[in-house]
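Engineer: What follows is a structure written as structure tokens; I'll ask about it next.
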Amino acid sequence: MLFLYNLVVLLAAQLLKIVALFSPKMKLFVDGRKSVFQTLTDKIQTTDRTIWFHAASLGEYEQGLPVIEAIKKQFPNHKIVVTFFSPSGYEVRKNNTVADVTVYLPLDSISNAKQFIKLVHPEMAFFIKYEYWPNYLNELKNQNIKTYLISGILREKQAFFKWYGGFYRNALKTFDYFFVQNESSKKLLQSIGFTNVKVSGDTRFDRVVSILERDNSLDFIEQFKDNKTTIVIGSSWPKDESLLVNYINQSSDDVKFIIAPHNIKPEQIHSLYKQINKTKFKFSDYSIETLRKPNLENYQVFIIDTIGILTKIYSYADIAYVGGGFGNPGVHNILEPATFGVPVIIGPNYSHFAEATALVNMEGCISIQNQTQLNEAFDLLLHNEDERLEKGHVCSTFVQMNKGATQTIMNHILNETLN
């Protein structure tokens with residue numbers, strides 16, 4: 001099985017080079033890996049002590065960030081190495097300040113794994129949430145490097161738990177310890193013989209709780225809001241927007257809308273902009289405006305066609321709509337608005353996300369399936385302040401009650417290190 005896996009990896013490497021000729025995203029994927037080993041050679045000396053974190057993409061990086069920061073604080077003399085598999089993670093966070101070295105993870109071939117581990121020589125390795133690369137994991141095991149899964153989530157449908165999953169179960173045997181999000185993940189691991197597992201919870205809660213401690217003020221958002229009830233729409237997709245635009249166009253002028261689409265390509269933003277009949281403005285117009293200072297308070301819709309400020313914008317929301325719930329695998333991060341005590345509305349596809357399922361069941365979050373339900377949800381929260389505040393309180397309390405995963409993980413790591 002390992003032979004077949006390695007053959008597929010080699011074939012995929014060649015195929016990806018061809019696909020990269022026609023796909024800008026795949027070109028980033030391929031080209032970004034060309035200089036990885038040289039970067040590691042330049043930035044990591046043989047005498048350096050290092051700790052390695054791997055994240056599939058941006059969401060996993062944000063999820064693991066509280067642990068990365070805690071490890072960096074606890075081990076200040078170690079270099080932190082962060083790797084990404086996806087361009088959507090690496091390109092956004094390649095200039096982060098928490099890691100000493102940030103690179104793409106080379107494809108999981110035997111030779112790549114050996115060279116990568118040799119150059120990085122980590123004392124500990126952390127995989128965030130998922131991604132199980134057999135050759136990297138085997139090499140970590142061969143080098144007796146402590147390897148952990150943090151914020152792990154496992155489901156019964158995964159190959160590990162099937163009759164044919166022996167190859168994949170062998171990959172799990174390379175982990176020294178599993179820190180999982182929930183009891184069901186722990187029970188699944190125990191069902192195939194693993195006892196080195198602890199329910200630590202989801203480190204994303206620690207991540208969003210820490211957001212409350214920073215300065216989230218944005219002068220231009222405050223100016224736009226103008227003390228009026230504001231709905232913030234985050235990470236929206238066209239399917240979300242087709243319903244949202246209908247509501248916006250028939251809404252009262254007393255309600256403000258901020259839209260931060262998932263896709264900020266100019267053609268996508270232009271299409272959204274044209275559909276909205278209300279007074280509207282784009283962040284890109286605001287940011288390049290040097291001669292004329294727009295009176296943002298006079299506009300009803302503000303389209304945020306940039307990245308990196310949505311979390312702060314949620315702090316100004318009275319109601320949040322989080323997109324992605326009409327697609328696969330489903331809704332985006334609802335914890336960011338929830339931590340500010342904002343009630344959340346989402347689409348129907350959220351069952352893969354425990355926090356969304358919990359908040360829907362607790363009635364802090366409303367799931368809608370069509371235009372009528374979306375209209376009813378917005379109208380309820382706009383016209384019933386008590387309902388809005390109660391749902392917001394449920395959201396913030398839920399986040400606060402679930403923090404602490406990072407400390408659980410760190411207690412275990414430090415106990416092992418000291419002993």
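The values are calculated or read from the model by the stated rules, or taken from the named source; none is laboratory data. Everything numeric in this text was worked out from a predicted model, so none of it was measured. Here Cβ is always computed from backbone atoms with ideal geometry, including for glycine, and neighbour counts include all displayed protein chains. For accessibility, only protein heavy atoms count, side chains too; no ligands or nucleic acids. Shrake-Rupley method; radii C 1.70, N 1.55, O 1.52, S 1.80 Å.
Engineer: If the cut-off is 29 Å between C-alpha atoms, which lysines fall inside it for Lys278, apart from same-chain ones fewer than 8 positions away?
Structural biologist: Lys225, Lys228, Lys239, Lys256, Lys265, Lys293, Lys312, Lys391
Engineer: With contacts defined as alpha carbon pairs under 8 Å and 6 or more residues apart, what's the relative contact order of the chain in percent?
Structural biologist: On the way: 720 pairs, mean separation 51.1, N = 419.
For the chain, the relative contact order is 12 percent.
Engineer: Something else: Per residue, how much accessible area does the chain show when a 1.4 Å probe rolls over the protein heavy atoms, in square angstrom?
Structural biologist: Numbers: 19860 Å² over 419 residues.
Accessible surface, normalised per residue, equals 47 Å².
Engineer: Identify which of Asn142, Asn333, Asn216 has the largest mean-square fluctuation in a Gaussian network model of the chain, with springs joining Cα atoms closer than 10 Å.
Structural biologist: Asn142
Engineer: Still on this structure: When the solvent-accessible surface of protein heavy atoms is calculated with a 1.4 angstrom probe, in what order do Thr46, Thr230, Thr279 fall, highest first?
Structural biologist: Numbers: Thr46 130, Thr230 0, Thr279 75 Å².
Of Thr46, Thr230, Thr279, the descending order of accessible area is Thr46, Thr279, Thr230.
Engineer: If each DSSP helix of 4+ residues adds -39,500 (n - 2.57) and the sum is divided by the residues in the chain, what number results at 222 nm, nearest 500 deg cm²/dmol? Please report the intermediate quantities before stating the final value.
Structural biologist: Numbers: 20 runs with 200 residues, N = 419.
Rounded to the nearest 500, it is -14000 deg cm²/dmol.
Engineer: Between Phe161 and Asn384, what's the calculated FRET efficiency when r is the beta-carbon distance and R0 is 51 Å? Round to 0.05. Display every interim value, and only then the final one.
Structural biologist: On the way: r = 45 Å, r/R0 = 0.88.
Computed FRET efficiency for Phe161 and Asn384: 0.70.
Engineer: Follow-up. Which cross-chain or sequence-distant (5 or more) residues have an amide H under 5 Å from the amide H of Phe126, H modelled 1.01 Å from N in plane?
Structural biologist: Trp52, Phe53, His54, Tyr148
Engineer: While we're on this one: Please work out which option in [x] 24, 53, 22, 0; [y] 25, 58, 17, 0; [z] 28, 58, 14, 0 gives P(r) over Cα pairs in 20 Å bins from 0, in percent calculated from these coordinates, and answer with its label.
Structural biologist: [x]
Engineer: Another question, then. Once you've got the GNM for the chain with C-alpha springs shorter than 10 Å, pick whichever of Asn295, Asn138, Asn349 has the biggest mean-square fluctuation.
Structural biologist: Asn295
Engineer: Give me the orientation-averaged projected area of the Cα convex hull of the stretch 215-402, in nm², one decimal.
Structural biologist: 10.2
Engineer: Still on this model: What spacing in nm lies between the two simple spin-label points modelled at Arg49 and Phe220, each 7 Å away from Cα in the Cβ direction?
Structural biologist: Label at Arg49, label at Phe220, 4.5 nm between them.
Engineer: Further question on the same structure: Amide H of Ile259 versus every other amide H placed in the peptide plane: which residues, excluding those fewer than 5 positions away on the same chain, fall under 5 Å?
Structural biologist: Ile233, Phe302, Ile303, Ile304
Engineer: Can you work out the FRET efficiency for the pair Ser191 and Asn170, with r the C-beta to C-beta distance and R0 = 22 Å, to the nearest 0.05?
Structural biologist: Values: r = 16 Å, r/R0 = 0.74.
It comes out at approximately 0.85.
Engineer: Arrange the residues Thr357, Thr97, Thr372, Thr50 by how much accessible surface each exposes, largest first, with a 1.4 angstrom probe.
Structural biologist: Working: Thr357 45, Thr97 130, Thr372 85, Thr50 0 Å².
Reading off the accessible areas and sorting them downward yields Thr97, Thr372, Thr357, Thr50.
Engineer: Could you state the principal axis extents of the C-alpha atoms in the stretch 112-169, from the largest down, to the nearest angstrom?
Structural biologist: Per principal axis, max minus min of the Cα coordinates gives 36, 23, 17 Å.
Engineer: Continuing with the same structure: Can you give me the % of accessible surface on the chain that is carbon or sulfur? Probe 1.4 Å, all protein chains present, nothing else counted.
Structural biologist: Within the chain, the accessible surface is 52 percent carbon and sulfur.
Engineer: If you filter the stretch 309-399 for GluC sites (Glu not before Pro), then keep DSSP loop positions with at most 13 other Cβ within 10 Å, what is left?
Structural biologist: Details: sites: Glu355, Glu363, Glu376, Glu385, Glu387, Glu390; in loops: Glu363.
Loop-located and lightly packed - Glu363.
Engineer: Moving on. Pairs of alpha-carbon atoms within less than 8 angstrom and 6+ residues apart define the contacts here; what relative contact order does the stretch 215-402 have, in percent?
Structural biologist: On the way: 335 pairs, mean separation 40.6, N = 188.
22 percent.
Engineer: Determine, for each peptide in 311-318, 33-40, the mean count of other beta carbons within 10 angstrom over its residues, then list the peptides with the highest first.
Structural biologist: Numbers: 311-318: 21.5, 33-40: 14.9.
Highest mean packing first, the order is 311-318, 33-40.
Engineer: Pick from Asp215, Asp31, Asp226: which residue has the top mean-square fluctuation in a GNM of the chain where Cα pairs under 10 Å get a spring?
Structural biologist: Asp215
Engineer: Using the Cα atoms as the points, what is the convex hull volume per residue of the stretch 30-161 in Å³?
Structural biologist: 114
Engineer: Moving on. Using a simple spin-label model with points 7 Å from Cα along the Cα→Cβ vector, what separation in nm is obtained for Leu212 and Lys27?
Structural biologist: About 4.5 nm separates the two model spin labels.
Engineer: Relative contact order of the stretch 32-117, please, whole-number percent, based on alpha carbon pairs below 8 angstrom and at least 6 residues apart.
Structural biologist: Dividing the mean separation by the residue count of the stretch 32-117 yields 33 percent.
Engineer: Moving to a separate point now. How large is Rg/Rh for the stretch 1-101, to two decimals, with Cα atoms and a Kirkwood Rh? Present the calculation step by step, with values, prior to reporting the outcome.
Structural biologist: Values: Rg = 15.6 Å, Rh = 15.2 Å.
Answer for the stretch 1-101: 1.03.
Engineer: Is any residue of the stretch 138-167 close enough, with backbone N under 15 Å, to a label point placed 7 angstrom from the Cα of Met1 along the Cα-Cβ axis, and if so, which?
Structural biologist: 138, 158-167
Engineer: I'd like the trypsin sites (Lys or Arg not before Pro) in the stretch 148-235 restricted to DSSP loop residues with at most 10 other Cβ atoms within 10 Å, sorted by number. Walk me through the numbers on the way to the answer.
Structural biologist: Working: sites: Arg155, Lys157, Lys162, Arg169, Lys173, Lys186, Lys187, Lys198, Arg204, Arg207, Arg214, Lys225, Lys228; in loops: Arg155, Lys157, Lys162, Lys173, Arg214, Lys228.
Sites meeting the loop and neighbour criteria: Lys157, Arg214.
Engineer: In the stretch 112-171, which chymotrypsin sites (Phe, Trp or Tyr not before Pro) fall in coil by DSSP and have 14 or fewer other Cβ atoms within 10 Å? Before the final figure, lay out each step's value.
Structural biologist: Working: sites: Phe116, Phe126, Phe127, Tyr130, Tyr132, Tyr136, Tyr148, Phe160, Phe161, Trp163, Tyr164, Phe167, Tyr168; in loops: Tyr130, Tyr132, Trp163, Tyr164.
Qualifying residues, ordered by number: Tyr130, Trp163, Tyr164.
Engineer: Okay, moving on. Suppose each label sits 7 Å from its Cα in the direction of the beta carbon; what would the Gln373-Asn249 distance come out to in nanometres?
Structural biologist: 2.3
Engineer: Figure the gain on full extension for Lys118 and Asn415 (residue separation times 0.36 nm, minus the Cα-Cα span) and round it to one decimal in nm. Mind showing how you got there, number by number?
Structural biologist: Numbers: separation 297, 0.36 × 297 = 106.92 nm, distance 2.67 nm.
Full extension of this stretch gives 104.2 nm more.
Engineer: Which of the lysines could be linked to Lys17 by a straight reach, that is with a Cα gap under 19 Å, when you skip same-chain ones fewer than 8 residues away?
Structural biologist: Lys17 reaches Lys25, Lys27, Lys34.
Engineer: Determine ³J(HN,Hα), in whole Hz, for all residues of the stretch 309-318 in sequence, where each value follows from phi through the Karplus function 6.51 cos²θ - 1.76 cosθ + 1.60 and θ = phi - 60°; x replaces Gly and Pro.
Structural biologist: 10, 4, 4, 5, 5, 4, 5, 9, 7, 9
Engineer: Looking only at the stretch 19-40, which residues have a backbone nitrogen under 14 Å from a spot 7 Å from the Cα of Ser111 in the C-beta direction?
Structural biologist: 37
Engineer: Provide the per-residue ³J(HN,Hα) series for the stretch 135-147, in order, calculated from phi with Karplus coefficients 6.51, -1.76, 1.60 and θ = phi - 60°, each as a whole number of Hz, with x at glycine and proline positions.
Structural biologist: Per-residue couplings from phi come out as 5, 5, 5, 5, 5, 4, 5, 4, 8, 6, 9, 4, 10 Hz.
Engineer: Please list 3J(HN,Hα) in residue order for the stretch 85-96, calculated via the Karplus relation 6.51 cos²θ - 1.76 cosθ + 1.60 where θ = phi - 60°; whole Hz, with x for glycine and proline.
Structural biologist: Values per residue, Gly and Pro as x: 8, 9, x, 5, x, 4, 5, 7, 10, 5, 10, 5 Hz.
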